[in-house]
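Colleague: Sharing a structure below in structure tokens format, with a few things to ask.
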RNA sequence: GGGGGGGUACCGAAGCGGUCAAACGGGACAGACUGUAAAUCUGUUGGCUCUGCCUUCGCAGGUUCGAAUCCUGCUCCCCCCA
């Protein structure tokens, strides 16, 4: 078996393990089954799930079998770890839809059809729903001394806070611990991985395995992927970066990574890509020497977009990037433009507006919402910040006519560096 | 309940009868520069049919040729005394 442990170590992906001295040999001496949990709070994963997902992928490529578990049952309850308040509970139907969406995305990263190492996706609700409350208390609950539960950080911090901790949340750890036991029984799963904030839940599962099954189970946590300023990776002012193309277009996804700070990019390369040590060290060196070329960011964006959105998604993102950053827009087809400007606000006008006098540029800017008043629009034009099809236009009296069409029916307006609006002319 | 102070544009804050669409600072937006960065510099920052016109200074009235500025009532906020 390949030595995955030292690769993980080199990448800085190992935060804590339950058996530092034993784990490397254990992993090398046979194909193991391991699992990680994912949050089913939305119908798509976001960038925050990329790290554990890549971890599973690394293990799979090293000859092990990954299990991704979505918390259908635990998702209805909410993990108190690292949360400052109790979360809203999800309905069963919503959960089902979310799980379906998440599975589709996992297929890009994990191989679900490769014999013994095929990835498995399970929903803990499938076994939890059969459990009666009293059975659960008898079989599982009695193995949890309250004194131990109270020492967990996730519990301690919430007990001291204003929000408090409900009994439901307090029980979360039992459910997650039981997942591990169940997966061991059903799949022979012996290793749980997760973020460093999951340590308490991971060790709870290991304890339960020892008590219920007399089994030696293992745990490993990774550092959380945070930015150098302490903020979480994957959040922007406009919200989270999602893996689904419907929620975050491939272009936006690509852009997010291209814009990662110099201080964070090396970590991202190590944590989230499969580039070799050599390639990463070379990129680090290149960045030292010529940060402005941003090779690291480009490589990172390219790798991740390719993995999540495929070659077509990457091509689309690159083409959109070229256009969004200045390339003149002309002689294109409607279909191309729609792909590139899919997530840009657009407004429709009757085709005959382009005939005769044409449509005033000022009016068009206001109609698209690119400017909120004519006075503003006028000012922006005077300041040279208005572009028609990416060609600067500082003519206050300009009127859009058929000659301005970038494709069959479309004109693209831009205000400032990157605010775009699409004008569609229809019959 | 008694006394005092105050509500100004996105925010903070000047203005206290005409020259006020309202100083100044922050923010925001734009331009130059740049690495799709930071810093810096410059411009803009109520609306419009834009060298002019219209609507804004807690709300409603009033005085005046003229009010953000003076008077009356209302309302909200802050401070002190009881």
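The values are calculated or read from the model by the stated rules, or taken from the named source; none is laboratory data. Nothing here was measured: the structure is a model prediction, and the numbers come from that model. When we count neighbours, we look across all protein chains shown, and the Cβ atoms used for this are built from the backbone with ideal geometry, even at glycine.
Colleague: Only residues that are under 13 Å from residue A:222 (Cβ atoms), touching a strand residue (DSSP E or B) at 6+ places or on another chain (Cβ under 7 Å) and in a loop (DSSP other than H, G, I, E, B): list them for region A:5-30, please.
Modeller: Within region A:5-30, A:13, A:14, A:15 meet the criteria.
Colleague: Going through region A:364-381 one residue at a time, which ones are at pLDDT 90 or above, near RNA strand B (Cβ under 8 Å from one of its atoms) and over 18 Å from residue A:326 (Cα atoms)?
Modeller: A:366, A:373, A:374, A:375, A:376, A:377, A:378, A:379
Colleague: Let me ask you something else. Kindly evaluate residue A:43 against the criterion of being modelled with pLDDT under 90, surrounded by 14 or more Cβ atoms within 10 Å (Cβ to Cβ) and within 22 Å of residue A:69 (Cα to Cα).
Modeller: Answer is no for this residue.
Colleague: Return the only residue of A:301, A:320 being in contact (Cβ under 8 Å) with a residue 12 or more places away in the chain, buried (at least 22 other Cβ atoms within 10 Å of the Cβ) and near RNA strand B (Cβ under 9 Å from one of its atoms).
Modeller: It is A:301.
Colleague: Just wondering, is there one or more residues in region A:240-252 that are farther than 24 Å from residue A:98 by Cβ, within 16 Å of RNA strand B (Cβ to nearest atom) and surrounded by fewer than 17 Cβ atoms within 10 Å (Cβ to Cβ)?
Modeller: There is no residue in region A:240-252 that is farther than 24 Å from residue A:98 by Cβ, within 16 Å of RNA strand B (Cβ to nearest atom) and surrounded by fewer than 17 Cβ atoms within 10 Å (Cβ to Cβ).
Colleague: Select from region A:93-122 the residues that are under 16 Å from residue A:175 (Cβ atoms) and free of Cβ contacts under 8 Å to residues at least 60 places away in the same chain and list them in ascending order.
Modeller: Hit for region A:93-122 is A:95, nothing else.
Colleague: Hey, another quick one. Taking the condition of being surrounded by fewer than 13 Cβ atoms within 10 Å (Cβ to Cβ) and either within 14 Å of RNA strand B (Cβ to nearest atom) or under 15 Å from the mean Cα position of the chain (by Cα) (or both), how many residues in region A:263-296 meet it?
Modeller: Residues flagged as surrounded by fewer than 13 Cβ atoms within 10 Å (Cβ to Cβ) and either within 14 Å of RNA strand B (Cβ to nearest atom) or under 15 Å from the mean Cα position of the chain (by Cα) (or both) within region A:263-296 amount to 6.
The rows are residues; the columns are (1) out of contact with any helix residue (DSSP H, G or I) (no Cβ under 8 Å at 6 or more places or on another chain); (2) within 30 Å of residue A:247 (Cβ to Cβ); (3) more than 16 Å from RNA strand B (Cβ to nearest atom).
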site: A:340; (1), (2), (3): no, yes, no
site: A:347; (1), (2), (3): no, yes, yes
site: A:355; (1), (2), (3): no, no, yes
site: A:396; (1), (2), (3): no, no, no
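Colleague: Can you find a residue in region A:63-82 that is closer than 14 Å to residue A:190 by Cβ and either within 18 Å of the chain's Cα centre (by Cα) or assigned to a helix (DSSP H, G or I) (or both)?
Modeller: Of region A:63-82, the ones closer than 14 Å to residue A:190 by Cβ are A:64-67.
Keeping just the survivors that are either within 18 Å of the chain's Cα centre (by Cα) or assigned to a helix (DSSP H, G or I) (or both) gives none.
There is no residue in region A:63-82 that is closer than 14 Å to residue A:190 by Cβ and either within 18 Å of the chain's Cα centre (by Cα) or assigned to a helix (DSSP H, G or I) (or both).
Colleague: Could you give me the residue pairs with C-beta distances under 7 Å whose first residue belongs to region A:372-385 and is assigned by TED's automatic domain parsing to the domain that holds residue A:416 and within 9 Å of residue A:362 (Cα to Cα), whose second residue is more than 6 Å from RNA strand B (Cβ to nearest atom) and assigned to a loop (DSSP other than H, G, I, E, B) wherever it lies, and which are 6+ apart or on separate chains?
Modeller: Short answer, once both residue conditions are applied: A:377/A:371; A:378/A:396; A:381/A:394; A:381/A:396.
Colleague: Can you go through A:206, A:193 and tell me which one is at pLDDT 95 or above, more than 27 Å from the chain's Cα centre (by Cα) and assigned by TED's automatic domain parsing to the domain that holds residue A:20?
Modeller: Going through A:206, A:193 in turn, just one is at pLDDT 95 or above, more than 27 Å from the chain's Cα centre (by Cα) and assigned by TED's automatic domain parsing to the domain that holds residue A:20: A:206.
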